[in-house]
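Since the structure comes first, as structure tokens, the remarks are kept for the end.
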Amino acid sequence: MKLETLKFVKNIDDSDRWAYSDWQHGSQQQLHWANAKGDITNADKADLGDLILLVQKFLPDSPETLVTHLVKVISTSAETLGDEDWGIVREVEVIWVADFTHLASIPTDKDVFGWKRRRPQGTKIVQLENLKDNRVSQLWHSIEIFQRHVTSMLGLTED
């Protein structure tokens, strides 16, 4: 699978368990954003067909951030479901999901990005090219090389 539309990374926070651990490859799901000022605008940054890497820590004080999902945006815009804390959603298709029964097999931030990212607070999506002063392009020389690396790290086959 070619990941030319891999453009974003999104932190996922759940203090009690792995978020979205019940998602299955190929399923269509709702990816949530906090119902806070500016989050609907952030959710709308991704275009139809864009890919988003989801990263999370199992516990807030965990030393490692793990890459747990790769999802494809399949809705044209964000939707507000209500007043609950996580009421902003985008419809996504699950392209890849980590094996939560074998934690050692889940790639870390450092494995995927090439450096241990200082994980920002919040759960907004961030454009890969905007991470740490464009470090993805500096380290990998181009976003395309980085996308091929992610394809390999996640065990996806290039078409």
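The table below gives the values:
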{"quantity": "Taking region 6-153 and dividing mean pair separation by its residue count, relative contact order in percent (alpha carbons under 8 Å, at least six apart)", "calculated": "28 percent"}
{"quantity": "Local net charge near S21, Cβ-Cβ under 12 Å (Lys/Arg +1, Asp/Glu -1)", "calculated": "-3"}
{"quantity": "Net +/- balance of residues flanking R90 in space, Cβ distance below 9 Å, scoring K and R +1, D and E -1", "calculated": "-3"}
{"quantity": "Hypothetical label at S21: residues of region 44-73 whose amide nitrogen lies under 19 Å (7 Å Cα-Cβ projection)", "calculated": "54-70"}
{"quantity": "Within a Gaussian network of the chain (alpha carbon springs, distance under 10 Å), most fluctuating of K72, K116, K45", "calculated": "K116"}
{"quantity": "Charge dipole (the chain, unit charges on Cβ, about Cα centre) - positive-most of T151, V71, Y20", "calculated": "T151"}
{"quantity": "Ranking of K124, K10 by count of other Cβ atoms within 10 Å, fewest first", "calculated": "K124, K10"}
{"quantity": "Other-chain or far-sequence residues with amide H under 5 Å of K124's (modelled H)", "calculated": "N11"}
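Every number in this text was worked out from the coordinates using simple rules, so none of it is lab data. This structure is a prediction, so every number in the text was calculated from the model and none was measured. Counting neighbours? That spans all protein chains shown, and the Cβs are built from the backbone with ideal geometry, glycine included.
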